[in-house]
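Enquirer: One structure, as structure tokens, below. Some questions next.
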Amino acid sequence: MTGSQTERLEGPIRAIGLVYRTETPEILSIIARIEQWASDNDIDVALETSAEAAAADSPDLEAGPVDLVLALGGDGTLLRAARMFGATDTPILGINLGRLGFLTALPDSYLEGGLHQVIAGEAFLDYRFRLRAHIEKEGEVIDGNFFALNDIVVHTTGAARVTPLVLHVSHHGRREEVGSFSADGVILATPTGSTAYSMSAGGPIIVPAVQGVVITPICPHSLAARPLVIPADEEICVGSLDPNAAHQVTADGQEVHGLAPDERVVVNRDDRRVALVRLAGQTFFDTMRRKLNWAIQPPERT
């Protein structure tokens, strides 16, 4: 299985589902534009359950399958849509209504034009792998499974302070200690998530096609604890060395699980992938330059 695979999005698209951020001021007008466009193209529109009040005449997104999901908001909304549809192969198209929107493919100013490209067969699917995690105690699973397209983060709760963590990696059932370090926590990120929290914590940017997971300590209390990239098919286990510490595990910054001192979080690459929609001409490096200003040269002096 490759880390990222691209293929053309082929229709037909007869039904689209909307997942959106309710706090966005212009969301109702955006939904109205989508519903008008869908009506003009004989396409059904379904809303997630929480959105029923916004458009009472629209069917419930949970009532039946859709051919395409539109995530209206920023990257957080797209990650929520990925969690909702992670067990399916439903393509997800991000409509950026926020600020950065690194994972989103379309600005709302090009909404109708972009949707026309999609139904005309001019869009592509980027398949991204996601992480699956569970919490275990003495070798027994006590909480799981939960999933992340971007990252799994282990960090302390309560007061901000460093905590000692121990890291193990295993392949073919053999678990080996990598080492221990004191930090605010640790980020386990996919290539998709390497441009998010991990990058902010000093981790490297990983091209989506790379089959790897980056392990990034958060503010480590040592110059020797540096980000580490390992093969994606290796299992990662993170535990605490502090018998009195209280930790929590966060998946994509949205799903939170408690982690007791005698428990471990175990992370693997999931068998299912997430299909992200992009338009022709959009590439990872182009997005990296435009939205992260990566290696942008300053203007020449005149």
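Enquirer: Scanning the range 242-287 for residues that are of a type in the set (A, V, I, L, M) and surrounded by fewer than 17 Cβ atoms within 10 Å (Cβ to Cβ), which turns out nearest to the chain's Cα centre (by Cα)? I'd like the intermediate steps shown before the answer.
Expert: Initial filter on the range 242-287 (of a type in the set (A, V, I, L, M)): 245-246, 249, 251, 256, 259-260, 265-267, 274-277, 279-280.
Next, from what is left, pick out any that are surrounded by fewer than 17 Cβ atoms within 10 Å (Cβ to Cβ): 246, 256, 260, 280.
On the way: ALA246: 25, VAL256: 15, ALA260: 25, ALA280: 22 Å.
The residue in question is VAL256.
Enquirer: With the requirement that a residue be more than 30 Å from GLU138 (Cβ to Cβ), part of a loop (DSSP other than H, G, I, E, B) and not aliphatic (A, V, I, L, M), what does the range 259-297 give you?
Expert: Initially, the range 259-297 is screened for residues more than 30 Å from GLU138 (Cβ to Cβ), giving 273-297.
Restricting the remaining residues to those that are part of a loop (DSSP other than H, G, I, E, B) gives 280-283, 293-297.
Listed by number, the residues that qualify are GLY281, GLN282, THR283, ASN293, TRP294, GLN297.
Enquirer: Looking at the range 276-302 only, could you name the residues that are within 19 Å of ILE206 (Cβ to Cβ) and among the aliphatic types (A, V, I, L, M)? Step through it out loud before you land on a result.
Expert: Residues of the range 276-302 within 19 Å of ILE206 (Cβ to Cβ): 276, 278, 282-295.
Of everything in the range 276-302, those that are within 19 Å of ILE206 (Cβ to Cβ) and among the aliphatic types (A, V, I, L, M) turn out to be LEU276, MET288, LEU292, ALA295.
Enquirer: Another question about this same structure. Starting from residues that are in a strand (DSSP E or B) and in contact with a Cys (Cβ under 9 Å, 6 or more places away or on another chain), keep the ones in the range 146-185 and report whichever is surrounded by the fewest Cβ atoms within 10 Å (Cβ to Cβ). I'd like the intermediate steps shown before the answer.
Expert: Restricting attention to the range 146-185, the residues satisfying the condition of being in a strand (DSSP E or B) are 146-148, 151-156, 163-171, 174-183, 185.
This time we only want the ones that are in contact with a Cys (Cβ under 9 Å, 6 or more places away or on another chain), so: 166-170, 175, 183, 185.
Working: VAL166: 15, LEU167: 21, HIS168: 16, VAL169: 18, SER170: 14, ARG175: 12, ALA183: 22, GLY185: 22.
Checking each candidate, the answer is ARG175.
Enquirer: Could you pull out the residue among THR302, THR287, THR216 that is at pLDDT 95 or above and of a type in the set (S, T, N, Q)? Spell out how you get there, then give the answer.
Expert: Numbers: THR302 fails: at pLDDT 95 or above; THR287 fails: at pLDDT 95 or above.
Going through THR302, THR287, THR216 in turn, the sole match is THR216.
Enquirer: Which numbered condition trips up ASP233, out of (1) among the acidic types (Asp, Glu); (2) more than 19 Å from the chain's Cα centre (by Cα); (3) farther than 15 Å from VAL162 by Cβ?
Expert: Status for ASP233: all satisfied but (2).
Enquirer: Any chance the range 38-59 includes a residue that's of a type in the set (Gly, Ala, Ser), modelled with pLDDT of 90 or more, surrounded by 11 or more Cβ atoms within 10 Å (Cβ to Cβ) and in a helix (DSSP H, G or I)? Don't jump to the end; show me each part of the working.
Expert: Narrowing the range 38-59 to residues of a type in the set (Gly, Ala, Ser): 38-39, 46, 50-51, 53-56, 58.
After this cut, where a residue has to be modelled with pLDDT of 90 or more as well, the list is 38-39, 46.
Add one more test, that the residue is surrounded by 11 or more Cβ atoms within 10 Å (Cβ to Cβ), and what stays is 38-39, 46.
Filter once more, keeping what is in a helix (DSSP H, G or I): 38-39.
Scanning the range 38-59 turns up at least one residue that is of a type in the set (Gly, Ala, Ser), modelled with pLDDT of 90 or more, surrounded by 11 or more Cβ atoms within 10 Å (Cβ to Cβ) and in a helix (DSSP H, G or I).
Enquirer: Can you name the residue in the range 186-196 that is within 24 Å of THR157 (Cα to Cα) and modelled with pLDDT of 95 or more and, of all such residues, is surrounded by the most Cβ atoms within 10 Å (Cβ to Cβ)? Outline the logic, then answer.
Expert: Pass one, the range 186-196, residues within 24 Å of THR157 (Cα to Cα): 186-190, 193-194, 196.
Checking which are modelled with pLDDT of 95 or more leaves us with 186-190, 193-194.
Details: VAL186: 25, ILE187: 28, LEU188: 24, ALA189: 29, THR190: 29, GLY193: 31, SER194: 26.
Ranking the qualifying residues of the range 186-196, first place goes to GLY193.
Enquirer: Filtering the range 288-299 down to residues that are farther than 25 Å from LEU9 by Cα and among the aliphatic types (A, V, I, L, M), which residue is surrounded by the most Cβ atoms within 10 Å (Cβ to Cβ)?
Expert: LEU292
Enquirer: If we scan the range 106-123, do we find a residue that is part of a strand (DSSP E or B), farther than 21 Å from MET288 by Cβ, in contact (Cβ under 8 Å) with a residue 60 or more places away in the chain and not aromatic (Phe, Trp, Tyr)?
Expert: Of the range 106-123, the ones part of a strand (DSSP E or B) are 106-107, 123.
So of that shortlist, the ones also farther than 21 Å from MET288 by Cβ come out as none.
Among the residues of the range 106-123, not one is part of a strand (DSSP E or B), farther than 21 Å from MET288 by Cβ, in contact (Cβ under 8 Å) with a residue 60 or more places away in the chain and not aromatic (Phe, Trp, Tyr), which makes the answer no.
Enquirer: State yes or no: is ALA201 outside the structural domain of LEU70 (by TED's automatic domain parsing) and crowded, with 20+ Cβ neighbours inside 10 Å?
Expert: Judged against the criteria, ALA201 is a match.
The values are calculated or read from the model by the stated rules, or taken from the named source; none is laboratory data. Fair warning: this is a prediction, and the values are worked out from it, not measured in the lab. Positions of Cβ are backbone-derived with ideal geometry, glycine not excepted, and every protein chain shown enters the neighbour counts.
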